[in-house]
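Okay, structure first, notes after.
The values are calculated or read from the model by the stated rules, or taken from the named source; none is laboratory data. Given the structure is predicted, the values throughout are model-derived calculations rather than measurements. Every residue, glycine as well, gets a Cβ built from its backbone with ideal geometry; the counts of neighbours run over all protein chains shown.
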Amino acid sequence: MCGIFGCVLKYGNAAPVIHAALKRLEYRGYDSVGEATLHEGRLYMKKDQGKIDEVHKIHDLDDLPGSIGVGHTRWATHGAPLQINAHPHTDCNGQIAVVHNGIIENFSELKRELEERGHVFKSKTDTEVIVHLIEDKIKANPSVSLADAVLETLKRIDGSYAIAVISTREPNKIICARNESPLVLGINENAVYCASDIPAFLPLTNRAVIIEDGELVTLSSDGFEIRKIVDSTLVTRATKLIDWMPEMAVKRGYPHFMLKEIHEEPSCLRNTLRMQEHYLELMSSFLDRAREVFLVACGTSYHACLAASYMFSKLAFLATYPVVASEFVEQHGKSVNIDSTILAVSQSGETADTLAAVECARRRAATVLGLTNVMGSTLTRVSRVYICQQSGPEIGVAATKTFTSQLSVLSQLALRLAKKRGKISQDEMDFLEERLEKLPETVEVIIQKQEGKIKQIAKKYKDAKTFFFLGRGISTATALEGRLKLMEIAYVPAIAFPAGESKHGPISLVEPGFPVVFICPKDETRKTLVGNIMEMKARGASIIAVVEEGDEEIEKLAEDYVEVPKGIPEVLSPIAFVTPLQLLAYYMAVEKGYTPDTPRNLAKSVTVK
Ligand code: M6R
């Protein structure tokens, strides 16, 4: 995700300080970089696509005058990773500059309105509306302060943001603000800093001030002043002493990226709910027209496709074929044709097997749609339409936050298609949309309430030689994903299959104490699933169940259980039910002394076939 930084120095040049801070934010992932400073009434700026070192070689990022400035590492969401889209963005007169991390939901409407009023946009980003709106506020009221112009601007903005703004009008200030995207201040005797994350300024100071949602801050060489955006009231906030080592700081205090990324799931889910409507509309139109639809992916992304096949079928009455990408050419290479549509799902957008399947489909004139987390990846370039899920970079090799976000996007797509096809009543649609909106909070509650218990379960089963993961219906996908997580990071052999298959073979493995994880949402499959639990219990299996809160029947049958909040609709259930399984795998790996972020033999992006 993007990183922002700003500094007001009492002495010296800001540019080298910004440059060094951006280097320390590199771990967040980015594709472009930029800086802007103020000096003697002028705004200076340098920005380009590429890594910091490459951009520095060409533009000399340290060569900007002035002791105040802002910087940015961009991870593209709206607009390709090109120089023109790199931050900072400036107003029409080049006097105000803004850097931003987040997503402006209503940018299309705002952009239209601003263009009608004569503003000229240079980029394809959502961010640029912010700076033109500030310019507009100042034009309308020339005596307004920069802070108030920013404050009024933010009242018009829906979405998430951490921003930092500088202007030649008030050349000794940075105005920054936050809503949902992280923002922290760093303070020492000679400077104030604002940043997306503590590591940006950690070598300069260990005194930090955490900015909360809905707050706006004015930074100057005198210090900082925090106000509430809603009513301008002043806020007092004490500084915090940070005792993290730099390595811990990039993980925000979590021992591993994987745990940090699981904890980020609620905010990533919120991002998926801010997607531009027209992408969903366009993609669902292609799906609607297709004679046959293949959902193609590998590993975790394949499990998202499997879950999506249930969503499309149950909501939109559309039959789709989930296919493991490495098998696509063998299985469908001869039959795929101009009437086929391929929806390729790949977090990285670079998985060789997925791209090979896409290439085969393209050669045979099929329509290619893409869902990915990486804007500018190969998948975005070869897809007719693509959606970027905006989960931010995932560093742990095991996919976690990107999986739940994929599921959220795919469920929204299925809903959109169901509406288009008239397969869903307005009441049902409203109900599902409302539940979807609540999912970030639901996942937050699961993590908050169940993490401690899951840790204990991991301790108890840490020496188990093998596991079963069972579910029925859409929960088969959840079971497969739980099993993959456990195998890949805790190195425990595990088997997952639809629970109905047990009696056709696998149950012969079960003996007393054999751990079987059941995924038990309260859907239509539940009654039969209870039968499957009994079968396992009769053979001495130890049942670990993921259940809805208060499901006493299954809780009594289970040795151990983890609860998720009540009332999650079946088609959305994998999003909530998988989080406990990710945590279980994580804590099993930790209990066994492994490093979950870098499991042996695995790469984050598999670029060979
Ligand atoms: O980047 P992709 O989504 O295309 O990656 C697909 C798989 O390689 C990936 O999901 C892999 O299975 C992960 N290790 C799962 O945690």
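Residues in region 401-411: is at least one farther than 24 Å from V293 by Cβ, modelled with pLDDT of 95 or more and within 16 Å of the ligand (Cβ to nearest atom)?
Checked region 401-411: at least one residue is farther than 24 Å from V293 by Cβ, modelled with pLDDT of 95 or more and within 16 Å of the ligand (Cβ to nearest atom).
Go through the residues of region 104-119 one by one and say whether even a single one is surrounded by 23 or more Cβ atoms within 10 Å (Cβ to Cβ) and among the polar types (S, T, N, Q).
Scanning region 104-119 turns up no residue that is surrounded by 23 or more Cβ atoms within 10 Å (Cβ to Cβ) and among the polar types (S, T, N, Q).
Can you tell me which residues in region 421-451 are of a type in the set (K, R) and not in a helix (DSSP H, G or I)?
R421, K423
Considering only residues of region 483-496 that are farther than 15 Å from Y302 by Cβ and of a type in the set (A, V, I, L, M, F, W, C), which is surrounded by the fewest Cβ atoms within 10 Å (Cβ to Cβ)?
So, considering only residues that are farther than 15 Å from Y302 by Cβ and of a type in the set (A, V, I, L, M, F, W, C), the one surrounded by the fewest Cβ atoms within 10 Å (Cβ to Cβ) is I495.
Hey, among the residues in region 357-378 that are among the aliphatic types (A, V, I, L, M) and at pLDDT below 95, which one's nearest to the ligand (Cβ to nearest atom)? Don't jump to the end; show me each part of the working.
So the first thing to find is which residues in region 357-378 are among the aliphatic types (A, V, I, L, M), and the list is 357-358, 361, 365-366, 368-369, 371, 374-375.
Pick out the ones that are also at pLDDT below 95 and you get 374-375.
Values: V374: 8, M375: 14 Å.
In this case the residue turns out to be V374.
For region 38-56: of the residues being buried (at least 22 other Cβ atoms within 10 Å of the Cβ) and touching a residue at least 60 places away in the same chain (Cβ under 8 Å), which is nearest to I198 (Cα to Cα)?
L38
Just for region 588-607: of the residues that are within 11 Å of the ligand (Cβ to nearest atom) and farther than 13 Å from K485 by Cα, which one is modelled with the highest pLDDT?
Applying the filter and picking the extreme gives N601.
Select, from I554, I544, the only residue that is buried (at least 22 other Cβ atoms within 10 Å of the Cβ), more than 16 Å from the ligand (Cβ to nearest atom) and either more than 30 Å from A357 (Cα to Cα) or in the same structural domain as A414 (by TED's automatic domain parsing) (or both).
On the way: I554 fails: buried (at least 22 other Cβ atoms within 10 Å of the Cβ).
Within the list I554, I544, the selection yields I544.
If I ask for residues that are within 16 Å of the ligand (Cβ to nearest atom) and part of a loop (DSSP other than H, G, I, E, B), which ones from region 326-356 would you list?
Correct list: Q347, S348, G349, E350, T351.
Please pick out the residue among G186, G253 that is among the small types (G, A, S) and surrounded by 22 or more Cβ atoms within 10 Å (Cβ to Cβ).
Being among the small types (G, A, S) and surrounded by 22 or more Cβ atoms within 10 Å (Cβ to Cβ) holds for just one of G186, G253, which is G186.
Output the number of the condition that T380 fails; it satisfies all remaining conditions of (1) under 18 Å from A290 (Cα atoms); (2) in contact with a Phe, Trp or Tyr (Cβ under 7 Å, 6 or more places away or on another chain).
All conditions pass for T380, except number (1).
Is there any pair linking a residue in region 57-82 that is within 15 Å of R24 (Cα to Cα) and part of a strand (DSSP E or B) to one that is modelled with pLDDT under 95 and among the aromatic types (F, W, Y), with Cβ under 9 Å and at least six apart or on different chains, and which?
Hits for this filter: H72/Y30; T73/Y30; R74/Y30.
Working only within region 381-390, note down all residues that are away from the ligand (no atom under 11 Å from the Cβ) and under 17 Å from the mean Cα position of the chain (by Cα).
Hits for region 381-390 are Y386, I387, C388, Q390.
If you take the residues of region 123-165 that are acidic (D, E) and part of a loop (DSSP other than H, G, I, E, B), which of them is surrounded by the most Cβ atoms within 10 Å (Cβ to Cβ)?
Checking each candidate, the answer is D126.
How do the pairs read when you match residues in region 533-559 that are without any contact (Cβ under 8 Å) to a residue 24 or more places away in the chain and among the small types (G, A, S) with residues anywhere that are assigned to a loop (DSSP other than H, G, I, E, B) and surrounded by 15 or more Cβ atoms within 10 Å (Cβ to Cβ), using Cβ under 9 Å and keeping only pairs 6 or more apart or on different chains?
Every condition considered, no pair remains.
Which one of these is in contact with a Lys or Arg (Cβ under 8 Å, 6 or more places away or on another chain) and assigned to a loop (DSSP other than H, G, I, E, B): I507, I568?
Checking each option against the conditions leaves just I568.
Only one of A418, A477 is assigned by TED's automatic domain parsing to the domain that holds I544 and in a helix (DSSP H, G or I). Can you tell me which? Explain how you work it out, then say what you get.
Numbers: A418 fails: assigned by TED's automatic domain parsing to the domain that holds I544.
Answer to the selection: A477.
Looking at (1) of a type in the set (A, V, I, L, M); (2) within 11 Å of the ligand (Cβ to nearest atom); (3) not in a helix (DSSP H, G or I), which one does A304 not meet, given that it meets all the others?
Every listed condition holds for A304 apart from (3).
Scan G370, G376, G396 and give me the residue that is in contact with a His (Cβ under 8 Å, 6 or more places away or on another chain) and either surrounded by 22 or more Cβ atoms within 10 Å (Cβ to Cβ) or in contact (Cβ under 8 Å) with a residue 12 or more places away in the chain (or both).
After applying the criteria, what remains is G396.
If you go through region 304-316 one residue at a time, do you hit one that is without any contact (Cβ under 8 Å) to a residue 40 or more places away in the chain and either over 20 Å from the mean Cα position of the chain (by Cα) or buried (at least 22 other Cβ atoms within 10 Å of the Cβ) (or both)?
yes
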